[in-house]
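Engineer: Take a look at this one; I'll ask things after.
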Amino acid sequence: MARQPSFGLAEIAWRWSFGAVFWLTLAFSAAEYLKSLPVSSRELLLLRTRQPVLVADAIARIFRGSAARGIEGIVLLATLLAIGWTVLSALARAALIKSLRENFRADSSSPTEERCRTPWHSLFGLSFFRVAVTLTAVIGFVGTFFLASAVSPAGDPAPGSATLVFLSLILFVWLAWSMLNWLLSFAAVFVVVEGQHTFQAIASVVGLCCRRTGPVLAVGTWFGLAHVVAFVLATAVVAFPLGFAGIFPAGIVLGGVLLITLLYFAAADFLYVGRLAAYVAILEIPETSGVLDALPTNMPGIDQSGVIDQNELILSDVPAQA
C-alpha cells in the first residue's frame, strides 16, 4: 500500500467510476419517472397551499396508479446495473490480481512457474454470486422489519422485544453477508493465480483457511481493525462540519461532509487492496522460508535435498580442528 499506491488508485478509479454511473443513472431514472406523472391544476393548487394534510393528499393523488410502472423501472435498472457491475468487477479484479502477482514475482529472487490462463467465466460466476448474495441480504434486511413488527402487534405492543429482535436479525444478516462476500472475493485470487474454476476456487479458500489459519486470520484481523479505526475516525471528524450547520451555509456543510465521506471510502479501498495483496502474498511466498533456503546444497553437513546431516562432523564437534 505504501510502495505501490497505484494499486489503490486503480481500485478507486473503477469503483468510483461505477458509483458515479450508478448515482447518475438513478437520478436520471427518478427524474424521468417524475416527469411521467400527470399533475392536474387541482393537485397543483393543493401543493401550493403548503398545508401538510392537503400536500399529502395531492402527492397521493399524483402517485396513484404509477406503482407498477415504478417497480418495473426499478427492476430493469437493478438488472442492468447488476450486469454491468458483474462484468466490470471481474475485469478489474483480474487486472489487479495479475498486477499484484507480477509485483511479488518481480520482488522474488527465485523464479516461479507460469500459471495457466484466467478462466473468465469463473470470475463472472464469482461476481454473479456476490450480486446474488447482496440481493439476498437486502431482502433479508427488509424481512427483518416484518419479523420485528410481528413480535410487537398492535393489540399487545412490545417495543423492547421488537427492537431486540430487529437488531439481532440485522446483525445476523450482516455477518452472513460479510462472510460470504469475503469468501467469494478471496476465491477470485485462486481463479487468477491458479486458474481454477468457480467452485474449485471456493473449495481452495476453505482449504487454505484450514491449512494456513494463522496468516489468513492475521490478515483479516489487522485489516479489519484498521477499517474499524478508519470508520471511527471518519465518524468523529464528520461531526466537525455538522457543528457549524447553524453558522455556515448548508452547501458548505454538505461539502465538508461529502469530502470526509469520500476520504473514508478512499481509505477503505486502499485497505481492501492491501488485504487482497496480503492474500496473494500468502499464495506466492512459500510457507517455509528461512536462512537454510539461501544455503548451497554442496556445503559440508548439508545433503542434496538441503537438509542438515545430523551425522556429519562440524568444527564444533572436533575441538582440535577448531
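Laboratory data are not the source of any read-out in this text; all were calculated from the coordinates shown. Note that the coordinates shown come from a computational prediction; the quantities given were computed from them, not determined experimentally. Here the Cβ is made from the backbone with ideal geometry for all residues, glycine too, and neighbour counts use every protein chain on show.
Engineer: Which residue, chosen from TRP23, VAL191, TRP174, occupies the Cα position most advanced towards the positive end of the dipole of the chain, where the dipole is computed from +1 (Lys, Arg) and -1 (Asp, Glu) charges on Cβ about the Cα centre?
Structural biologist: Result: TRP23.
Engineer: Need one number: nm distance between label points at PHE223 and ILE285, each 7 Å from Cα along Cα→Cβ, rounded to one decimal.
Structural biologist: So the two model labels end up 1.4 nm from each other.
Engineer: Tell me what the chain gives for mean residue ellipticity at 222 nm when only DSSP H runs of n ≥ 4 count, each as -39,500 (n - 2.57), the sum divided by the residue total, rounded to 500 deg cm²/dmol. Please report the intermediate quantities before stating the final value.
Structural biologist: Working: 9 runs with 239 residues, N = 322.
Computed mean residue ellipticity for the chain: -26500 deg cm²/dmol.
Engineer: Same structure again: What is the spread of the Cα atoms of the stretch 212-288 along each of their three principal axes, largest first, in whole Å?
Structural biologist: Principal extents (largest minus smallest coordinate, Cα): 61, 16, 10 Å.
Engineer: Considering the options GLY70, TYR264, THR213, tell which one lies farthest towards the positive end of the dipole of the chain, charges being +1 on Lys and Arg and -1 on Asp and Glu at the Cβ, about the Cα centre.
Structural biologist: Highest projection toward the positive end goes to GLY70.
Engineer: Suppose every Lys and Arg Cβ carries +1 and every Asp and Glu Cβ carries -1, with no other charges. What dipole size does the chain come out with about its Cα centre, to the nearest 20 debye?
Structural biologist: So the dipole magnitude of the chain works out to roughly 1760 debye.
Engineer: Test of understanding: given the chain, find the longest segment containing no GluC sites (Glu not before Pro) that are in a DSSP loop and have at most 14 other Cβ atoms within 10 Å. List each step's numbers first, then the result.
Structural biologist: Working: sites that count: GLU113, GLU114, GLU287, GLU312.
Excluding the exposed sites themselves, the longest stretch runs over 115-286.
Engineer: Also, I was wondering about something else. Which whole-number percentage describes the relative contact order of the chain, with Cα contacts under 8 Å and a sequence gap of 6 or more? If you can, show how the numbers build up before the last one.
Structural biologist: Working: 220 pairs, mean separation 60.4, N = 322.
Across the chain, relative contact order equals 19 percent.
Engineer: Hey, another quick one. When the scattering of the stretch 1-93 is computed by the Debye formula from its Cα atoms alone, each counted once and equally, what is log10 I(q)/I(0) at q = 0.20 Å⁻¹?
Structural biologist: Taking Cα atoms of the stretch 1-93 as identical point scatterers yields -0.98.
Engineer: Moving to a separate point now. Any idea which of ALA60, PRO5, LEU47 is furthest toward the positive side of the dipole for the stretch 1-68, if Lys and Arg beta-carbons carry +1 and Asp and Glu beta-carbons -1?
Structural biologist: Value computed over the given set: LEU47.
Engineer: Please identify the helices of the chain, taking whole runs of DSSP H, that span at least 15 Å along their own axis as judged from the Cα atoms and have a mean Kyte-Doolittle score of 0.0 or higher.
Structural biologist: Values: long enough: 5-35 (44 Å, 0.68); 52-63 (16 Å, 1.65); 67-107 (58 Å, 0.85); 120-151 (46 Å, 1.57); 159-194 (52 Å, 1.80); 198-211 (20 Å, 1.30); 213-242 (43 Å, 1.77); 250-284 (51 Å, 1.75).
Those that clear 15 Å and a mean of 0.0 are 5-35, 52-63, 67-107, 120-151, 159-194, 198-211, 213-242, 250-284.
Engineer: Taking the inverse of the average 1/r across all pairs of different Cα atoms in the stretch 65-195, what Kirkwood radius in Å do you get? Mind dumping the intermediate values first?
Structural biologist: Values: mean 1/r = 0.0553 Å⁻¹.
Taking every pair of different Cα atoms in the stretch 65-195, averaging 1/r and inverting gives 18.1 Å.
Engineer: Using Cα-Cα distances under 8 Å and only pairs 6 or more residues apart, what relative contact order does the stretch 212-288 have, in percent? Provide the component values of the computation, followed by the final result.
Structural biologist: Working: 30 pairs, mean separation 33.5, N = 77.
Rounded, it is 44 percent for the stretch 212-288.
Engineer: Give the Rg (one decimal place) followed by the Dmax (whole number) of the chain, computed from C-alpha coordinates and expressed in Å.
Structural biologist: 28.5, 113
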